[in-house]
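S.K.: Handing you this structure, nothing more for now.
The values are calculated or read from the model by the stated rules, or taken from the named source; none is laboratory data. Note that this is a predicted model, so its numbers are computed, not measured. Because the Cβ atoms are built from the backbone with ideal geometry, glycine has one as well, and the counts that use them run over all protein chains shown.
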Amino acid sequence: TKQQIGVVGVGVMGKSLALNFESRGYSVAIYDVTEEKVNEILTEHSDKQLTGTSSVESFIDSLEAPRKILMMVPAGEITDKAIDSLVPHLNKGDILIDGGNAFFEDTIRRNKALEEQGINFIGAGVSGGEEGALYGPAIMPSGQKEAYDLIEPFLTAIAAKVNDDACSTYIGPDGSGHYVKMVHNGIEYSDMQLICEAYYLMKNVLGIEAQELHEIFKEWNEGELDSYLIEITADIFTKVDEETGKPLVEVILDTAGQKGTGKWTSISALELGVPLSIITESVFARFISAMKEERVKASKILRGPKNSEFTGNKEEFVEMIRKALYLSKICSYAQGFAQLQSASKEYDWNLKPGEIAMIFRGGCIIRAGFLQEIKKAYDRDEKLTNLLLDPYFKEIVENYQDEAREVVATAIKLGIPVPGLASALAYYDSYRSESLPANLLQAQRDYFGAHTYQRKDKEGTFHTEWINK
Ligand code: 6PG
């Protein structure tokens, strides 16, 4: 008998997803070029419906037709190499699924090239880390719909569930699933950055220590900020470094790396011409954090404001930070979802933002109670152009803005960087402004480059000789 599904690449994610399929009753074949990895898994799980090999021929041969193969290999060239090694052995109608963090344009290219050979190619964003992969990730599959229909039961079975709804749904054609996963990661970046700024303010303005920070985040997690990232943040503050006896977080170096998906989200925003300032500031914040040596030098040369004393009330300020955080989070999701809609038009994907919010509710890194509110917003108005215009979000942002302004103003006065929180307010204020200073900008462009301008009072294109010759 043949196996129902194959998994290529049995690193942490591939192995966990293979075991997840098996635990839902599917027979699984695993394949990896490293024989030891395969053997280790087979020995450890000898009681399971699992076969494995490091020979591509016997792997392909062990699968039911049409073959369903999930690839979990590093994004980029290695993915292309893996595809090239599999394709000569496949038959028309077989289905390759790329579950890695592929760049969506690569997925579009691969989908097209393989389709020409009669092979279905599904790009599937998978979120949730090792735990998610093993017990229930969020999955964002895209590609040929007929092929998706054949793998739908498999994906639904392994996905996270929220009130019986699977956190996996068909996203759209070719690269759309990986695009949605990319924006998920961008949002993940901003969620993390905003939480980091909240922490930094509480620590540096209010002098709050790890134990109390743990309690504050724990409490926040019981309210409207309820989310996986707030939950793990609360947890992080409880960990003590065995060597120094200090909270581990205070021993960790303040530099952050990245694998690139957040950066891609910003690049795509620039290309589409959509304002994605909060996620982009979060990418920049990682860059500037990585300039540690230069910052250490600059800190000895450049001084901050004269006044660095906080005079307000501690408890009140903590609550203001909470509100600033929620307001900024809402603005960031408003930007991210607006970008999804813009990309959907550009690439003709017909994305359903409500359904995307639904699958983000569980399994993935940005899972949060408030995604239910996003889902409701799109249920109320399928064509909603910006989440800020939905009554629920409008009310919160209107009601929390004074506190958010106070927090950002205080941070700026005291010389504490809050790029995420500040750009959220700047976005809110720009978006709700009937007029912006771009009239002057048009004049400047026309002045130096005869780029022409439009007028408020009549139609048409105008040019002025600005210099009296
Ligand atoms: C997920 C995550 C995951 C991502 C890591 C690291 O949804 O499970 O987004 O896919 O690889 O979070 O991302 P960075 O290295 O870019 O921070």
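S.K.: Checking Glu293 against (1) of a type in the set (Asp, Glu); (2) within 16 Å of the ligand (Cβ to nearest atom); (3) free of Cβ contacts under 8 Å to residues at least 60 places away in the same chain, which test does it fail?
M.R.: (2)
S.K.: Being at pLDDT 95 or above and within 14 Å of the ligand (Cβ to nearest atom) narrows it down to one of Ala147, Ala113, Ala133, so name that one.
M.R.: Values: Ala147 fails: within 14 Å of the ligand (Cβ to nearest atom); Ala113 fails: within 14 Å of the ligand (Cβ to nearest atom).
Ala133 is the lone residue from the list that is at pLDDT 95 or above and within 14 Å of the ligand (Cβ to nearest atom).
S.K.: Out of everything in region 385-426 that is assigned to a helix (DSSP H, G or I) and β-branched (Val, Ile, Thr), what residue ends up being surrounded by the fewest Cβ atoms within 10 Å (Cβ to Cβ)? Before the answer, list the steps.
M.R.: As a first pass, look at region 385-426 and keep what is assigned to a helix (DSSP H, G or I): 387-389, 391-414, 419-426.
Filter once more, so that each one left must be β-branched (Val, Ile, Thr): 396-397, 407-408, 410, 412.
Values: Ile396: 19, Val397: 23, Val407: 27, Val408: 23, Thr410: 19, Ile412: 13.
Filtering first and then ranking leaves Ile412.
S.K.: When you scan region 427-450, how many residues do you find that are within 38 Å of the chain's Cα centre (by Cα) and either surrounded by 13 or more Cβ atoms within 10 Å (Cβ to Cβ) or of a type outside the set (Ser, Thr, Tyr) (or both)? Walk me through it before giving the result.
M.R.: If we filter region 427-450 for residues that are within 38 Å of the chain's Cα centre (by Cα), which is where we start, we get 427-442, 444-445.
Now narrow it down to the ones that are either surrounded by 13 or more Cβ atoms within 10 Å (Cβ to Cβ) or of a type outside the set (Ser, Thr, Tyr) (or both): 427-429, 431-432, 434, 436-442, 444-445.
Residues that pass the stated criteria total 15.
S.K.: Please find, among Tyr189, Tyr170, Tyr148, the residue that is over 20 Å from Glu316 (Cα atoms), surrounded by 16 or more Cβ atoms within 10 Å (Cβ to Cβ), under 16 Å from the mean Cα position of the chain (by Cα) and not hydrophobic (A, V, I, L, M, F, W, C).
M.R.: Unique residue meeting the criteria: Tyr189.
S.K.: Of the residues in region 72-89, how many are closer than 16 Å to Gln144 by Cβ and surrounded by 22 or more Cβ atoms within 10 Å (Cβ to Cβ)? Quick ask: steps written out before the conclusion?
M.R.: Of the residues in region 72-89, the ones closer than 16 Å to Gln144 by Cβ are 83, 87.
Pick out the ones that are also surrounded by 22 or more Cβ atoms within 10 Å (Cβ to Cβ) and you get none.
Total meeting the criteria: 0.
S.K.: I'd like the full set of residues that are touching a residue at least 12 places away in the same chain (Cβ under 8 Å) and in a loop (DSSP other than H, G, I, E, B), limited to region 35-54.
M.R.: Hits for region 35-54 are His45, Lys48, Gln49, Ser54.
S.K.: Here's a check for you: in region 366-381, which residue that is more than 16 Å from the ligand (Cβ to nearest atom) and in a loop (DSSP other than H, G, I, E, B) is nearest to Tyr326 (Cα to Cα)? Step through it out loud before you land on a result.
M.R.: Of region 366-381, the ones more than 16 Å from the ligand (Cβ to nearest atom) are 369-370, 372-381.
Now restrict to residues that are in a loop (DSSP other than H, G, I, E, B): 369-370, 381.
On the way: Gly369: 12, Phe370: 10, Asp381: 22 Å.
This residue is Phe370.
S.K.: Here is a check on your reading of the model: is Asp191 touching a residue at least 12 places away in the same chain (Cβ under 8 Å), over 27 Å from Lys15 (Cβ atoms), within 16 Å of the ligand (Cβ to nearest atom) and among the charged types (D, E, K, R)?
M.R.: Yes, satisfied.
S.K.: How do the pairs read when you match residues in region 346-365 that are part of a helix (DSSP H, G or I) with residues anywhere that are aromatic (Phe, Trp, Tyr), using Cβ under 6 Å and keeping only pairs 6 or more apart or on different chains?
M.R.: Pro353/Phe337; Pro353/Tyr378; Gly354/Tyr378
S.K.: Specify the residue that is nearest to Phe104 (Cα to Cα); the eligible residues are those in region 248-264 that are in contact with a Ser or Thr (Cβ under 8 Å, 6 or more places away or on another chain) and of a type outside the set (D, E, K, R). Can you show your working first?
M.R.: Initial filter on region 248-264 (in contact with a Ser or Thr (Cβ under 8 Å, 6 or more places away or on another chain)): 251, 254-256, 262.
Still in the running and of a type outside the set (D, E, K, R): 251, 255-256, 262.
On the way: Val251: 37, Thr255: 28, Ala256: 24, Gly262: 13 Å.
Checking each candidate, the answer is Gly262.
S.K.: Still on this structure: Quick one: in region 1-46, of everything that is of a type in the set (Asp, Glu), surrounded by fewer than 23 Cβ atoms within 10 Å (Cβ to Cβ) and out of contact with any Lys or Arg (no Cβ under 6 Å at 6 or more places or on another chain), which residue is nearest to Lys68 (Cα to Cα)?
M.R.: Of the residues in region 1-46, the ones of a type in the set (Asp, Glu) are 22, 32, 35-36, 40, 44.
Within this subset, residues satisfying the condition of being surrounded by fewer than 23 Cβ atoms within 10 Å (Cβ to Cβ) are 22, 35-36, 40, 44.
Retained after the next criterion (residues that are out of contact with any Lys or Arg (no Cβ under 6 Å at 6 or more places or on another chain)): 35-36, 40, 44.
Details: Glu35: 22, Glu36: 24, Glu40: 23, Glu44: 24 Å.
Only one residue fits best here, namely Glu35.
S.K.: Select, from Ile321, Ile330, the only residue that is in a helix (DSSP H, G or I) and farther than 25 Å from Ala160 by Cα. Working first, answer last.
M.R.: On the way: Ile330 fails: farther than 25 Å from Ala160 by Cα.
When all the criteria are applied, what remains is Ile321.
S.K.: In region 91-106, is there at least one residue being of a type in the set (D, E, K, R), within 16 Å of the ligand (Cβ to nearest atom) and under 22 Å from the mean Cα position of the chain (by Cα)? Break it down into steps so the answer makes sense when it comes.
M.R.: Pass one, region 91-106, residues of a type in the set (D, E, K, R): 92, 94, 98, 105-106.
Narrowing the set further to residues that are within 16 Å of the ligand (Cβ to nearest atom) leaves 98, 106.
Filter once more, so that each one left must be under 22 Å from the mean Cα position of the chain (by Cα): 98, 106.
Yes, region 91-106 has at least one match.
S.K.: In addition: Has region 382-391 got any residue that is away from the ligand (no atom under 16 Å from the Cβ), outside the structural domain of Ala166 (by TED's automatic domain parsing) and modelled with pLDDT under 95? Before you say what the answer is, go through the steps one by one.
M.R.: Our first condition is that a residue be away from the ligand (no atom under 16 Å from the Cβ); within region 382-391, this holds for 382-391.
Still in the running and outside the structural domain of Ala166 (by TED's automatic domain parsing): 382-391.
After this cut, where a residue has to be modelled with pLDDT under 95 as well, the list is 382-383.
Checked against the condition, which is being away from the ligand (no atom under 16 Å from the Cβ), outside the structural domain of Ala166 (by TED's automatic domain parsing) and modelled with pLDDT under 95, region 382-391 yields at least one hit.
S.K.: Which members of region 240-267 meet the condition of being among the polar types (S, T, N, Q), part of a loop (DSSP other than H, G, I, E, B) and within 16 Å of the ligand (Cβ to nearest atom)? Step through it out loud before you land on a result.
M.R.: As a first pass, look at region 240-267 and keep what is among the polar types (S, T, N, Q): 244, 255, 258, 261, 265-266.
Going one step further and asking which of them are part of a loop (DSSP other than H, G, I, E, B), we end up with 244, 255, 258.
Those that are among the polar types (S, T, N, Q), part of a loop (DSSP other than H, G, I, E, B) and within 16 Å of the ligand (Cβ to nearest atom): Thr255, Gln258.
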